[in-house]
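Engineer: One structure follows; several queries about it will come next.
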Amino acid sequence: MKVKIALAGNPNSGKTTMFNDLTGSTQYVGNWPGVTVEKKEGILKGQKEVIIQDLPGIYSLSPYTLEEVVARGYLINEKPDAIINIIDASNIERNLYLSTQLLELGIPVVMALNMIDVVRKNGDTIDIQKLKELLGCEIVETSALKGIGSKEVAQKAVELANAKKAAAPKHTFGTGVEDALTKIENTVKGKTGNLNERWLAIKLLEQDEKVMEELSLDGGTLKAVTDIVKECEDSLQDDGESIITNERYNYISKIMKQAVHKKNRTQKSAT
Ligand code: BGO
């Protein structure tokens, strides 16, 4: 049986470099159906049964750009067996925004902490053990440019895919948000097709139009969800999308404080 592994990350994280390293000359290039966004697929070197699906470079799984819609559609509908989330470790704070969302999909995730050569050259350090603990996924340090770690990250993804071991995200939102999410999950239970219920609840709290449109809930359920969202928005005095976004940023700041040590930051604060 074929194993499908998706390669997801921000633009400029080194995705193309890693994809080439993993697949060599076995690439098929086309377009995603109905759009002029490039679709690249390849076979993992030395492992004929493993397909690597390169996804468009994205910053988030929101529905605002064509690339986001394509990448999200693939992850949600095709459900790859595992995701390699490649991040530019020298820009970790910005890159983690997408990671927090990928971890919520209920799919096994391994993070490739790419550009680790740049991190080391800058004199910065990342506490991998702490990062694993805080994120709840496997992490491999890589330098796609130098061919370091790519094989290990792919191997880890294959292992997780075979074990069907979904990421166990450690992030929880604030109590008010978690309460609303649980209520939404209970309201839409049994009406979500094969979509991950927690992911869907987050999207409904964000009032994600594309998800609402595709899910086409009946009037009663939609009203119940809208009431829960409104109650949460009123009590936190913000709109659903901003509430979720702000909480993601707070979580990322906590990760930065606990797991990332920037040499320049220390120098600045010492003066
Ligand atoms: C140029 N380490 C380092 N140091 N650089 C890396 C690594 C790594 O681990 N991985 C990738 N790069 P893409 P997306 C470039 O192209 O794979 C570099 O968008 C240049 N080009 O070589 O394209 C990689 O697919 C001129 O750099 O990323 C590339 O995700 C001067 O990161 C860039 C300097 O990689 C983006 C760099 C003409």
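The values are calculated or read from the model by the stated rules, or taken from the named source; none is laboratory data. Everything numeric here is computed off the predicted structure, so don't read it as measured data. We place every Cβ from the backbone using ideal geometry, glycine too, and count neighbours over all the protein chains shown.
Engineer: Look through segment 174-211, keep the residues that are touching a Leu at 6+ places or on another chain (Cβ under 7 Å) and not in a helix (DSSP H, G or I), and return whichever of them is farthest from ASN246 (Cα to Cα).
Structural biologist: LYS191
Engineer: Scanning for something among the aliphatic types (A, V, I, L, M) and out of contact with any helix residue (DSSP H, G or I) (no Cβ under 7 Å at 6 or more places or on another chain), does segment 219-233 turn up at least one residue?
Structural biologist: Checked segment 219-233: at least one residue is among the aliphatic types (A, V, I, L, M) and out of contact with any helix residue (DSSP H, G or I) (no Cβ under 7 Å at 6 or more places or on another chain).
Engineer: Then there's this: Kindly list the number of the only condition in (1) under 18 Å from THR182 (Cβ atoms); (2) part of a helix (DSSP H, G or I) that fails for GLY220.
Structural biologist: All conditions are met except number (1).
Engineer: Determine whether segment 100-109 contains at least one residue that is out of contact with any Gly (no Cβ under 8 Å at 6 or more places or on another chain), among the β-branched types (Val, Ile, Thr) and surrounded by fewer than 18 Cβ atoms within 10 Å (Cβ to Cβ).
Structural biologist: no
Engineer: I've got another one for you. If you scan segment 68-91, which residues turn out to be acidic (Asp, Glu) and within 20 Å of GLN207 (Cα to Cα)?
Structural biologist: GLU68
Engineer: Within segment 102-119, can one find any residue that is in the same structural domain as LEU7 (by TED's automatic domain parsing), without any contact (Cβ under 8 Å) to a residue 24 or more places away in the chain and either farther than 22 Å from ILE255 by Cα or more than 12 Å from the ligand (Cβ to nearest atom) (or both)?
Structural biologist: Looking for residues that are in the same structural domain as LEU7 (by TED's automatic domain parsing), without any contact (Cβ under 8 Å) to a residue 24 or more places away in the chain and either farther than 22 Å from ILE255 by Cα or more than 12 Å from the ligand (Cβ to nearest atom) (or both), one finds none in segment 102-119, hence no.
Engineer: Here are GLY46, GLY42: which of them is more than 15 Å from the ligand (Cβ to nearest atom), small (Gly, Ala, Ser) and outside the structural domain of LEU215 (by TED's automatic domain parsing)?
Structural biologist: Answer to the check: GLY46.
Engineer: In segment 1-26, what count of residues is obtained for those that are of a type outside the set (D, E, K, R) and in a loop (DSSP other than H, G, I, E, B)?
Structural biologist: 9
Engineer: Still on this structure, please answer the following. Please work out if LYS189 is modelled with pLDDT under 95, in contact with a helix residue (DSSP H, G or I) (Cβ under 9 Å, 6 or more places away or on another chain) and assigned by TED's automatic domain parsing to the domain that holds THR226.
Structural biologist: Judged against the criteria, LYS189 is a match.
Engineer: All but one of (1) out of contact with any helix residue (DSSP H, G or I) (no Cβ under 8 Å at 6 or more places or on another chain); (2) assigned to a loop (DSSP other than H, G, I, E, B) hold for LYS170; which doesn't?
Structural biologist: (1)
Engineer: So, in segment 27-57, exactly how many residues are part of a strand (DSSP E or B) and surrounded by fewer than 16 Cβ atoms within 10 Å (Cβ to Cβ)?
Structural biologist: Residues that pass the stated criteria total 6.
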